[in-house]
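Visitor: Quick one: the structure is below, and I'll ask about it shortly.
The values are calculated or read from the model by the stated rules, or taken from the named source; none is laboratory data. Nothing here was measured: the structure is a model prediction, and the numbers come from that model. Glycine also receives a Cβ, built like all others from the backbone with ideal geometry; neighbour counts cover every protein chain displayed. The accessibility values were calculated without ligands, DNA or RNA, using every heavy atom of the protein model including side chains. Shrake-Rupley method; radii C 1.70, N 1.55, O 1.52, S 1.80 Å.
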Amino acid sequence: MSAAEDHVLDALAPESSALLLIDMQNAFCHDEGTLGVSGVDVKPAQATIRPVRRLAEAFRAAGFPVIWTKQVHLERDAARARKVLPSHTSRRKRVSALSGSWDAAFVDELADLADDPTYVVTKHRFGAFYETRLQSLLDMLGVRSLFVAGVTANACVETTLREAYLRDYDVVAVTDGIAAVRPDWTATAEAVWAHYLGVLAGSDEVASWLERAASPRALSVHHLLLEAVDLDASVDFYTGVLGFSVRKREDFRDGRRLVVTHQGLGLTEGGTGAGGTLQHLCFTARGVDGIAERARAAGHRIVRGPGPGPYGHTVYVADPDGHEIELVEPS
């Protein structure tokens, strides 16, 4: 990751992120596995084991999902047998990762971490999403960002990166946790990934992000409470003009009336009508132009806009107590 991209990972929400580890199996990483006995130098694959273990332990310790894929082949594959041209398996001394074999097992250095069958996704082709349950698992976990590592770079890893990108996941390829069958292919593969599919990051960068992300911190604005000189007028503004809806009405802890909206805004009695020290509030919105017309028709001051803003089509409206309300329709 370049200096200009420092902390780009901080844009990702850790609560919706997962580590996806591709095919860390004897067949592809061990000297006696299928690739090794077929003449492939598996030392680059073996070099990924340490960073992969480090990240798997760190994600688990932080309480974020770690998902393992396991490539499994059958001795007789009728679907593959229909092919007329040779498949990639014909270039090896044997069919790799046969179901139930030592070849298909995870390498000893990592096997103890792949201890929950729910988080082990069996696949029969390059892609981790292709005809597997991975999509359903990610949906249940609420995952939107994938940190991907494993083997091999130009086959199963790259296919999975593409599948994830096409499904609109945010994708991070963990470069020192990925190995190619031919190391001279790596630079080109990474250039393609960075241009089209996601972000490249080393395991140190990911570990630093994880440490920052897992530390105690405020995550986002949960709700706001405004004091209003005329509570009924403010409720009319936020519901009638801005389209908010009331979730509940009750007495505040000091006895003042309190109105709470579904949109995270609370209104209670008080204030000066001068707007106080709050510069402005910003809400995402739909139909900014229509809201502006409705506000103007109701006699509320349009501070500026509607027009282009830094986050999208924007209008600023003053509420009955002088608070400046920014409404943004994202581009």
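Visitor: May I ask you to derive the FRET efficiency for Tyr130 and Asp289 from their Cβ-Cβ distance with R0 = 56 Å, giving the value to the nearest 0.05?
Guide: About 0.80, to the nearest 0.05.
Visitor: Here is a follow-up. How high is the FRET efficiency between Ser87 and Arg54 when r is their beta carbon distance and R₀ equals 45 Å, given to the nearest 0.05?
Guide: 0.85
Visitor: How much accessible area per residue does the chain have, counting only protein heavy atoms and a probe of 1.4 Å, in square angstrom?
Guide: About 52 Å² of surface per residue is accessible.
Visitor: Using the C-alpha atoms of segment 208-331, what convex hull volume per residue, in cubic angstrom, is computed?
Guide: So the per-residue hull volume is 141 Å³.
Visitor: Report the antiparallel proportion of the DSSP beta bridges in segment 187-331 as a percent, rounded to a multiple of 5.
Guide: Among the beta bridges of segment 187-331, antiparallel pairing accounts for roughly 70 percent.
Visitor: Treat each spin label as a single point 7 Å out from the Cα along the C-beta direction, and report the Leu74 to Arg256 distance in nm.
Guide: In this crude spin-label approximation the distance works out to 7.0 nm.
Visitor: Let me ask something else about it. Starting from the Cα of Thr122, step 7 Å along the direction of its Cβ; do the same at His223; then give the gap between the two resulting points in nm.
Guide: Using points 7 Å along Cα→Cβ, the separation is 4.8 nm.
Visitor: What does the helix-only formula give at 222 nm for the chain: each DSSP H stretch with n ≥ 4 adding -39500 (n - 2.57), the total divided by the residues, and the result rounded to the nearest 500 deg cm²/dmol?
Guide: Rounded to the nearest 500, the figure is -6500 deg cm²/dmol.
Visitor: Set the Förster radius R0 to 25 Å, insert the Cβ-Cβ distance between Asp230 and Ser331 as r into 1/(1 + (r/R0)^6), and round the FRET efficiency to 0.05.
Guide: The formula returns an efficiency of 0.10 here.
Visitor: On full extension of the chain, what length is gained from Ile302 through Ala13, given 0.36 nm per residue of separation minus the C-alpha to C-alpha distance?
Guide: 100.6 nm
Visitor: Additional query: Which shape class applies to segment 178-280: rounded if a/c is under 1.5, otherwise prolate when a/b exceeds b/c and oblate if not, where a ≥ b ≥ c are the square roots of the Cα gyration tensor eigenvalues?
Guide: Here segment 178-280 falls in the prolate category.
Visitor: Then there is this: Hey, can you grab everything whose amide H is under 5 Å from the amide H of Arg257? Only 5+ residues off in sequence or another chain; H modelled, so Pro and N-termini drop out.
Guide: Residues meeting the criterion, in which the H sits 1.01 Å from N, are Phe252, Glu269.
Visitor: Compute the signed sum of charges (Lys and Arg +1, Asp and Glu -1) over the other residues within less than 15 Å, Cβ to Cβ, of Glu75.
Guide: Overall, the nearby charge balance is +3.
Visitor: Evaluate Rg over Rh across the chain, taking Cα atoms for both radii and Kirkwood's formula for Rh.
Guide: Radius of gyration over Kirkwood radius for the chain works out to 1.15.
Visitor: What percentage of the solvent-accessible surface of the chain, computed with a 1.4 Å probe over protein heavy atoms, is contributed by carbon and sulfur atoms?
Guide: Roughly 52 percent, rounded to a whole number.
Visitor: Determine the order of Lys93, Lys248 by accessible area, beginning with the largest, at a probe radius of 1.4 Å.
Guide: The residues order as Lys93, Lys248, largest area first.
Visitor: May I pose another question? How many percent of DSSP beta bridges within segment 1-133 run antiparallel, rounded to 5?
Guide: Within segment 1-133, antiparallel bridges account for around 10 percent of the total.
Visitor: Another one. Across every pair of different alpha-carbon atoms, what Kirkwood hydrodynamic radius in Å does segment 104-190 reach?
Guide: 13.9 Å
Visitor: Moving on. Can you say what percent of the DSSP beta bridges in the chain, counting only those with both residues inside, are antiparallel? Round to 5.
Guide: The answer is about 40 percent antiparallel.
Visitor: Moving on. Would you be so kind as to identify which of Val95, Leu19, Val52 lies farthest towards the positive end of the dipole of the chain, taking Lys and Arg as +1 and Asp and Glu as -1 on Cβ and the Cα centre as origin?
Guide: Highest projection toward the positive end goes to Val95.
Visitor: Grab the Cα-Cα distance for Lys43 and Asp108, subtract it from 0.36 nm times how many residues apart they are, and report the gain in nm with one decimal.
Guide: 21.8 nm
Visitor: Let me ask something else about it. Quick one: work out Rg over Rh on the C-alpha atoms of segment 264-331, Rh as Kirkwood radius.
Guide: Ratio of gyration radius to Kirkwood radius: 0.97.
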